[in-house]
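Peer 1: First, the structure itself, so that you have it in front of you.
The values are calculated or read from the model by the stated rules, or taken from the named source; none is laboratory data. Note that the structure is predicted; figures quoted are calculated from it, not measured. Cβ sites come from the backbone with ideal geometry, for glycine too, and all protein chains shown count toward neighbours. To get the accessible areas, we keep the full protein, side chains included, count just its heavy atoms, and leave off ligands, DNA and RNA. Shrake-Rupley method; radii C 1.70, N 1.55, O 1.52, S 1.80 Å.
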Amino acid sequence: MIIKPRGTTDILPKDTPVWQKTEQTAREVAALYGYGEIRFPTFEQTELFARGVGDTTDVVQKEMYTFLDKDGRSMTLRPEGTACVVRSVIENGLAGEAMPLKLYYFTSCFRYEKPAAGRYREFYQFGTELFGAETPASDAQVISLADTLLKRLGIRAELKINSIGCKNCRPKYREALISYFRQYEDRLCDTCRGRLNSNPMRILDCKSPICQDIAKNAPKVTEYLCEECASHMDKLKALLDNTGISYETDPGIVRGLDYYTKTVFEFIAPIDRDAKTNELKTLTICAGGRYDGLVEEIGGPRLPGIGFAAGLDRLVAAQRIAGNNTEKTNAVRVYIAPLGEVASFFAQKAVYQLREKGIYAECDIVGRSLKSQMKYADKTGAEYTVILGDNEIETGKAVLRNMKTSEQTEIKLDEIDTIISKEGQ
Ligand code: ATP
Ligand code: MG
């Protein structure tokens, strides 16, 4: 048997309604906030992510699906969306349009991770990016978009915010981190030892328990912020307070991608329950931040930006845990049960006409007996059934049966589409 690759998922028809609802809600909220949809390729030149995401990050160092194409060029399946959006904004000259520029996307992402609950090798994201504004007000609006979405989905999430400074305050913090971690150099994991001098902030984000333990007492970025970054953070907090969005400041949030500056944030919510202890497991369902240097880094003009990505897999899981994913599936309006070939011919045409009118109709295409056709009609939740035998075809009349009330009405076959549409009103 051929099975799916580790860390990938099949999303089956019984599960897709909650995905569709989630996507639909995200589209509606994005539109409310004035965002337009952008779509981009599944693979890009590897250099985009090495430069954009950062070549000392876990994503680039350990998790990318990179391959050489037939011409020997290095390509990578996108591990995230922001670098792709930025590349597209620059390439298509959107940086010259009216600002702020607001874009949203749905995308699958590929990361070679250790699969677990809510952690896959191919996963889905809903992301938003806002370009051309560097005010705390733009941060607050982006955070409020995520907040509105989560509320509409009925997910109770905790918001954590932090500032990781800018290129003015980062060097001093970097020095402090290097001298702190140097004391524990021998105990750090191999990757972190390699990053100690090049990008010590990444150690704060390492998933290894030993590194995490060491990182607990590391100097806090908030103590090193320059005046501008500190005041940016204070204003953002005041704006969130003013809007009534509750949050917690958490200096431990540094985010796993290199492009972030100043504001970073995460929404955390339960996504699973431990089978043994019944305890809720929480994960980050939506995360983002400001990236004022990214557009320039990728070869574009100076253009500040801020955005977030919400993991759709985790949004779906969070709704499930909250017990609010009872989405009804589409029920058949009318099931036509033909007996014999002539009736079957008629039935095929009738369902075609009904569907043309936007009525969900079904008829037998398997060649089943009347009894099993009726069983099938029941299973699909058909509201009405029509049985077509030789007699019905000859007289041009049939009996329309309301499955709920058992009420029977004689109808003319050539008026079936108008009758069905009236019945529903
Ligand atoms: P984590 O700390 O959980 O690894 P991350 O910092 O790598 O997350 P981002 O790159 O910021 O995450 O991605 C944004 C969101 O995408 C995450 O908050 C999460 O909801 C989702 N996500 C990230 N990686 C995965 C994955 N492997 N499987 C499912 N969802 C994921
Ligand atoms: Mg990760």
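Peer 1: Residues being of a type in the set (Ser, Thr, Tyr) and within 25 Å of Thr405 (Cβ to Cβ): count how many of those fall in segment 340-382. Quick ask: steps written out before the conclusion?
Peer 2: Let us first name the residues in segment 340-382 that are of a type in the set (Ser, Thr, Tyr), namely 344, 352, 360, 369, 372, 376, 380.
Add one more test, that the residue is within 25 Å of Thr405 (Cβ to Cβ), and what stays is 360, 372, 376, 380.
Selection size over segment 340-382: 4.
Peer 1: Hey, among Asp390, Asp378, which residue is open to solvent by 70 Å² or more (accessible area, probe 1.4 Å) and free of Cβ contacts under 8 Å to residues at least 40 places away in the same chain? Full working, then the answer.
Peer 2: Values: Asp390 fails: free of Cβ contacts under 8 Å to residues at least 40 places away in the same chain.
Of Asp390, Asp378, the one residue that is open to solvent by 70 Å² or more (accessible area, probe 1.4 Å) and free of Cβ contacts under 8 Å to residues at least 40 places away in the same chain is Asp378.
Peer 1: When you look at Tyr291, is it aromatic (Phe, Trp, Tyr), touching a strand residue (DSSP E or B) at 6+ places or on another chain (Cβ under 6 Å) and over 30 Å from Cys109 (Cα atoms), yes or no? Walk me through it before giving the result.
Peer 2: Values: aromatic (Phe, Trp, Tyr): yes; touching a strand residue (DSSP E or B) at 6+ places or on another chain (Cβ under 6 Å): yes; over 30 Å from Cys109 (Cα atoms): no.
No, not satisfied.
Peer 1: Let me ask something else. Please specify each residue of segment 277-304 satisfying the condition of being assigned to a loop (DSSP other than H, G, I, E, B) and over 25 Å from Phe267 (Cα atoms). Lay out the reasoning, then the answer.
Peer 2: Of segment 277-304, the ones assigned to a loop (DSSP other than H, G, I, E, B) are 277-279, 291-293, 298-304.
Ile298, Gly299, Gly300, Pro301, Arg302, Leu303 - these are the residues of segment 277-304 that are assigned to a loop (DSSP other than H, G, I, E, B) and over 25 Å from Phe267 (Cα atoms).
Peer 1: Sticking with this one: Looking at segment 196-214, which of the residues that are open to solvent by less than 10 Å² (accessible area, probe 1.4 Å) and in a loop (DSSP other than H, G, I, E, B) is modelled with the lowest pLDDT?
Peer 2: So the residue we want is Cys206.
Peer 1: If you don't mind, there's one more thing I want to ask. Within segment 72-85, does at least one residue satisfy the condition of being within 16 Å of ligand 1 (Cβ to nearest atom), in a strand (DSSP E or B) and in contact with a strand residue (DSSP E or B) (Cβ under 8 Å, 6 or more places away or on another chain)?
Peer 2: Filtering segment 72-85 for residues within 16 Å of ligand 1 (Cβ to nearest atom) gives 76-85.
So of that shortlist, the ones also in a strand (DSSP E or B) come out as 76-77.
In the following step, the residues that additionally are in contact with a strand residue (DSSP E or B) (Cβ under 8 Å, 6 or more places away or on another chain) were identified as 76-77.
There is at least one residue in segment 72-85 that is within 16 Å of ligand 1 (Cβ to nearest atom), in a strand (DSSP E or B) and in contact with a strand residue (DSSP E or B) (Cβ under 8 Å, 6 or more places away or on another chain).
Peer 1: For segment 124-136, does any single residue satisfy the condition of being within 16 Å of ligand 2 (Cβ to nearest atom) and open to solvent by 30 Å² or more (accessible area, probe 1.4 Å)?
Peer 2: Yes, that holds for at least one residue.
Peer 1: Only one of these conditions is not met by Ala309: (1) in the same structural domain as Tyr259 (by TED's automatic domain parsing); (2) in a helix (DSSP H, G or I). Which number is it?
Peer 2: (2)
Peer 1: Do you know which residues across segment 192-216 are polar (S, T, N, Q) and closer than 23 Å to Gly165 by Cβ? Step through it out loud before you land on a result.
Peer 2: Our first condition is that a residue be polar (S, T, N, Q); within segment 192-216, this holds for 197-199, 208, 212.
Across segment 192-216, the qualifying residues are Asn197, Ser198, Asn199, Gln212.
Peer 1: I'd like to know if segment 336-359 contains one or more residues that are closer than 30 Å to Gln125 by Cβ and surrounded by fewer than 20 Cβ atoms within 10 Å (Cβ to Cβ). Break it down into steps so the answer makes sense when it comes.
Peer 2: The initial filter retains those residues of segment 336-359 that are closer than 30 Å to Gln125 by Cβ, namely none.
Looking through segment 336-359, none of the residues is closer than 30 Å to Gln125 by Cβ and surrounded by fewer than 20 Cβ atoms within 10 Å (Cβ to Cβ).
Peer 1: If you don't mind, there's one more thing I want to ask. Just give me the residues in segment 37-70 being part of a strand (DSSP E or B) and open to solvent by 30 Å² or more (accessible area, probe 1.4 Å), in sequence order. Steps first, please.
Peer 2: Here is the first cut: in segment 37-70, the ones part of a strand (DSSP E or B) are 37, 43-45, 65-68.
Scanning segment 37-70 gives Glu37, Phe43, Gln45, Tyr65, Thr66, Phe67, Leu68.
Peer 1: Then there's this: Could you pull out every one of the strands (runs of 3 or more DSSP E) wholly within segment 322-419 that has 2 or more residues that are not hydrophobic (A, V, I, L, M, F, W, C)? Spell out the reasoning first.
Peer 2: Values: elements: 334-338, 361-363, 384-388, 397-402, 408-412.
Correct list: 334-338, 384-388, 397-402, 408-412.
Peer 1: What are the residues in segment 94-118 that are charged (D, E, K, R), within 16 Å of ligand 2 (Cβ to nearest atom) and surrounded by fewer than 15 Cβ atoms within 10 Å (Cβ to Cβ), if any? If you could, list the steps in order and put the result at the bottom.
Peer 2: At the first step, the residues of segment 94-118 found to be charged (D, E, K, R) are 97, 102, 111, 113-114.
Remaining after also requiring within 16 Å of ligand 2 (Cβ to nearest atom): 111, 113-114.
If the condition is that a residue be charged (D, E, K, R), within 16 Å of ligand 2 (Cβ to nearest atom) and surrounded by fewer than 15 Cβ atoms within 10 Å (Cβ to Cβ), then Lys114 is the only one that fits.
Peer 1: Follow-up. Farther than 19 Å from Ile164 by Cβ, within 16 Å of ligand 2 (Cβ to nearest atom), among the small types (Gly, Ala, Ser) and modelled with pLDDT of 95 or more - does that describe any residue in segment 305-313? Give the derivation first.
Peer 2: Start the filter on segment 305-313 by keeping residues that are farther than 19 Å from Ile164 by Cβ, which leaves 310-313.
Right, trim to within 16 Å of ligand 2 (Cβ to nearest atom) and you get 310-313.
Now drop any that are not among the small types (Gly, Ala, Ser), which leaves 310-311.
Subsequent filtering for residues that are modelled with pLDDT of 95 or more retains 310-311.
Looking for residues that are farther than 19 Å from Ile164 by Cβ, within 16 Å of ligand 2 (Cβ to nearest atom), among the small types (Gly, Ala, Ser) and modelled with pLDDT of 95 or more, one finds at least one in segment 305-313, hence yes.
For (1) modelled with pLDDT under 95; (2) outside the structural domain of Leu303 (by TED's automatic domain parsing); (3) within 16 Å of ligand 2 (Cβ to nearest atom), each residue gets a yes or a no:
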| residue | (1), (2), (3) |
| --- | --- |
| Arg6 | no, yes, no |
| Ala30 | no, no, no |
| Glu37 | no, no, no |
| Val59 | yes, no, yes |
| Asp69 | no, no, no |
| Ala83 | no, no, yes |
| Arg87 | no, no, no |
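Peer 1: Scan segment 76-91 for residues that are surrounded by 17 or more Cβ atoms within 10 Å (Cβ to Cβ) and either among the β-branched types (Val, Ile, Thr) or over 23 Å from Thr191 (Cα atoms) (or both) and jot them down. Spell out how you get there, then give the answer.
Peer 2: Initial filter on segment 76-91 (surrounded by 17 or more Cβ atoms within 10 Å (Cβ to Cβ)): 76-90.
Passing the criteria: Thr76, Gly81, Thr82, Ala83, Cys84, Val85, Val86, Arg87, Ser88, Val89, Ile90.
Peer 1: May I pose another question? Do you know which residues across segment 246-264 are open to solvent by less than 10 Å² (accessible area, probe 1.4 Å) and either more than 25 Å from Val59 (Cβ to Cβ) or in contact with a Gly (Cβ under 7 Å, 6 or more places away or on another chain) (or both)?
Peer 2: Thr263, Val264
Peer 1: If you don't mind, there's one more thing I want to ask. Condition first: out of contact with any Pro (no Cβ under 8 Å at 6 or more places or on another chain) and either under 16 Å from Val254 (Cα atoms) or in the same structural domain as Ala287 (by TED's automatic domain parsing) (or both). Now tell me which residues in segment 173-195 satisfy that. Write out each step before concluding.
Peer 2: Quick first cut of segment 173-195, residues out of contact with any Pro (no Cβ under 8 Å at 6 or more places or on another chain) only: 175, 179, 182-195.
Passing the criteria: Cys192, Arg195.
Peer 1: Now for a different question. Within segment 267-278, track down each residue that is open to solvent by 30 Å² or more (accessible area, probe 1.4 Å) and within 16 Å of ligand 2 (Cβ to nearest atom).
Peer 2: Narrowing segment 267-278 to residues open to solvent by 30 Å² or more (accessible area, probe 1.4 Å): 268, 270, 272-278.
Ile268 - this is the single residue of segment 267-278 that is open to solvent by 30 Å² or more (accessible area, probe 1.4 Å) and within 16 Å of ligand 2 (Cβ to nearest atom).
Peer 1: Specify the residue that is modelled with the highest pLDDT; the eligible residues are those in segment 162-173 that are buried (at least 17 other Cβ atoms within 10 Å of the Cβ) and over 14 Å from Glu228 (Cα atoms). Let's see the steps before the verdict.
Peer 2: First, pick out the residues of segment 162-173 that are buried (at least 17 other Cβ atoms within 10 Å of the Cβ): 162-166, 169-170, 173.
Next cut, over 14 Å from Glu228 (Cα atoms) only: 162, 173.
On the way: Asn162: 96, Tyr173: 92.
Only one residue tops the list, namely Asn162.
Peer 1: Within segment 1-37, count every residue that is of a type in the set (A, V, I, L, M, F, W, C), more than 23 Å from Val86 (Cα to Cα) and free of Cβ contacts under 8 Å to residues at least 60 places away in the same chain.
Peer 2: Step one: list which residues in segment 1-37 are of a type in the set (A, V, I, L, M, F, W, C), which gives 1-3, 11-12, 18-19, 26, 29-32.
This time we only want the ones that are more than 23 Å from Val86 (Cα to Cα), so: 1-3, 11-12, 18-19.
Next, from what is left, pick out any that are free of Cβ contacts under 8 Å to residues at least 60 places away in the same chain: 1-3, 11-12.
Total satisfying the criteria: 5.
Peer 1: Looking at segment 247-276 only, could you name the residues that are assigned to a loop (DSSP other than H, G, I, E, B), farther than 18 Å from Cys229 by Cβ and within 11 Å of ligand 1 (Cβ to nearest atom)? Step through it out loud before you land on a result.
Peer 2: Quick first cut of segment 247-276, residues assigned to a loop (DSSP other than H, G, I, E, B) only: 247, 250-260, 274-276.
Now drop any that are not farther than 18 Å from Cys229 by Cβ, which leaves 256-257, 274-276.
Passing the criteria: Gly256, Leu257.
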